[in-house]
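The values are calculated or read from the model by the stated rules, or taken from the named source; none is laboratory data. For clarity, every value in this text was computed on a predicted model and none was experimentally measured. Cβ sites come from the backbone with ideal geometry, for glycine too, and all protein chains shown count toward neighbours. What goes into the accessible areas is simple: the full protein's heavy atoms, side chains included, and nothing from ligands, DNA or RNA. Shrake-Rupley method; radii C 1.70, N 1.55, O 1.52, S 1.80 Å.
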Amino acid sequence: MEKSEIVVKEAIEQLGSIENHSSLVEHLMSFEDENIESLLNIECNNKLIKTDNEIRQIVSKAKNSATISGIDQNSELTKIVHTSNVYLVKSIKEADLKSLILFLNVNCYLLADIKCFLQFNGLTNKDTEGIAEKIVELLSKVSFEVKAQSGAPYHEIEMMKEYEDGVKNSNIKSTYSLIEAIERSGRGFHFNFLLENIVKALYILNFQFFLKAIGKLSKPQSFIFFLQSLTREHLYPISEEKSLTNKWLNFELIRQTTKHETEGDLNSENLQVVKKCLLKLMPHSAFFKQSIKYFRKSRIFNKALAEVLALNSNELLEEIVNDCFEINKNIFLHEARNDFMISFKNSVPEDRYLRMLELIFCKWDDFFNKLRHSDEYQNELLLTDYCDFIVEYYYMTLDENDIINEMNYCLNDLKYIDSIWSVSQTHQTTIFNLILTRLYLLTFTFRGREIINEQIIENFSDFESNSIMNKRFIEGKGDGLIKIMKENIESTNR
């Protein structure tokens with residue numbers, strides 16, 4: 001918690017026989033003469049903008065002063081907090097929406113935790129039902145629609161049309177291409193800061209009424225507006241609500257949870273949010289599969305997906321692997337896919353884990369063989385995101401002799417690469433790199449099994465010392481590749 005947050009919390013704890021902040025009250029009273037619609041659209045009125053700026057300056061100055069000098073019962077900050085509390089209490093006791101808006105207009109800059117005010121005043125969920133109902137009524141009248149401006153460029157109109165078609169046809173890619181463009185533009189969906197704070201206030205004041213409000217929504221942009229100002233901790237109770245089955249809501253809950261994820265976000269709470277939402281998406285099979293493709297980069301998502309598939313049949317696992325797990329040499333999601341592998345391994349019996357590896361291996365091997373017989377050029381190892389899956393598959397399915405034999409086959413084919421038919425020099429390079437890939441992966445299985453075999457060491461030494469072959473096919477890739485394989489082979493032969 002930052003120091004400015006601490007002093008605000010201390011100021012709330014000192015609430016009692018404190019006087020109002022006279023200047024702040026004067027500004028707020030001028031707001032009381034305005035209707036709710038005008039207050040929600042301050043940016044359309046220069047006079048209101050000026051007053052709002054003055055409120056911001058009053059609050060910011062008091063917070064800065066308290067942060068530096070501390071607070072007492074006569075400080076500017078305690079008076080501001082007291083004034084804010086008066087408006088909040090009035091809004092709750094009288095179910096007065098305008099008083100709540102005035103409180104939030106100050107709290108947008110004060111950034112006090114509303115729960116602290118509720119606790120100080122001894123207010124319960126029952127007490128907040130009246131104002132919560134008024135908020136739900138207000139939000140039901142607000143349009144969150146995204147619309148192209150009059151005279152908008154052709155590409156914006158087309159994106160808007162694609163968005164509308166995407167929502168209608170449950171197409172995630174078409175729908176979110178516009179949403180992502182809006183978010184990249186800077187302001188994103190933060191088009192009404194005060195209204196955003198009203199949504200967040202509803203969540204804190206009365207969660208059940210918040211669920212009631214969000215349950216009335218249907219469009220992706222509406223869910224984005226409701227969720228974007230909430231923390232990841234706020235999302236967990238929403239994901240637990242069984243009645244919230246709208247696929248766009250559950251998709252957006254996943255997106256907000258996995259957005260800008262860091263190592264610290266890989267915790268059980270975030271994992272459970274994604275898992276619960278995925279389980280709700282499962283009845284929408286096509287949408288479920290689109291979601292898996294959309295979030296393929298997310299480590300949280302891959303962990304949650306593994307746990308969800310572990311709860312279901314091998315038939316579903318096979319369907320998802322075949323339809324959603326792409327073997328692509330130009331996509332690099334190694335870490336996220338490894339999270340899937342490890343989580344699945346920890347969630348299922350060994351035979352189911354092996355079945356998953358077998359599905360991945362067959363898909364990888366099919367890709368491998370198609371590439372070998374195509375005219376596509378491959379000038380590096382074909383590792384893909386699933387290289388560790390292949391190593392694991394070898395480890396679980398090949399015995400020691402199989403591993404040794406497979407490695408010798410590879411070493412022999414590399415040594416006599418000129419004897420393998422190829423249509424061109426580039427095709428020969430492709431074949432060489434594919435064989436080298438298989439050898440490279442097998443060396444990790446060799447190391448994992450702690451195999452001791454002098455013949456492999458000798459054959460690999462011949463391969464390593466073949467200067468002509470190295471010059472033709474390996475030079476330029478760096479010494480790291482040969483070094484890694486050599487270390488794997490020699491690690492248990494020392």
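Odds and ends about this structure:
- Residue check for Ser419: at negative phi and either out of contact with any helix residue (DSSP H, G or I) (no Cβ under 8 Å at 6 or more places or on another chain) or open to solvent by less than 10 Å² (accessible area, probe 1.4 Å) (or both): yes
- Residue selected from the range 62-93 under the condition touching a helix residue (DSSP H, G or I) at 6+ places or on another chain (Cβ under 8 Å) and not in a helix (DSSP H, G or I), by the criterion most open to solvent (accessible area, probe 1.4 Å): Asp72
- Any helices (runs of 4 or more DSSP H) falling wholly within the range 190-309 and containing at least 1 residues that are of a type in the set (Gly, Ala, Ser): 193-205, 207-214, 220-227, 232-240, 268-281, 285-294
- Within the range 366-395, the set of residues being exposed (fewer than 14 other Cβ atoms within 10 Å of the Cβ) and over 24 Å from Ser467 (Cα atoms) comprises Asp366, Asn369, Lys370, His373, Ser374, Asp375, Glu376.
- Boolean, Lys98 is open to solvent by 60 Å² or more (accessible area, probe 1.4 Å) and either outside any loop (DSSP other than H, G, I, E, B) or aromatic (Phe, Trp, Tyr) (or both): no
- Members of the range 412-436 that are under 15 Å from Met485 (Cβ atoms) and β-branched (Val, Ile, Thr): Ile435
- Taking the criterion of being farther than 19 Å from Gly188 by Cα, at pLDDT 95 or above and either under 19 Å from the mean Cα position of the chain (by Cα) or open to solvent by less than 10 Å² (accessible area, probe 1.4 Å) (or both), the residues of the range 200-233 that qualify are Ala201, Leu202, Leu205, Asn206, Phe210, Ala213, Ile214.
- Residue check for Glu19: in a loop (DSSP other than H, G, I, E, B), open to solvent by less than 70 Å² (accessible area, probe 1.4 Å) and closer than 20 Å to Leu88 by Cα: no
Each row is one residue, and each column tells you yes or no for (1) modelled with pLDDT of 90 or more; (2) of a type outside the set (A, V, I, L, M); (3) open to solvent by 30 Å² or more (accessible area, probe 1.4 Å).
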residue	(1), (2), (3)
Leu15	no, no, no
Leu24	yes, no, no
Asn35	yes, yes, yes
Arg56	yes, yes, yes
Ser60	yes, yes, yes
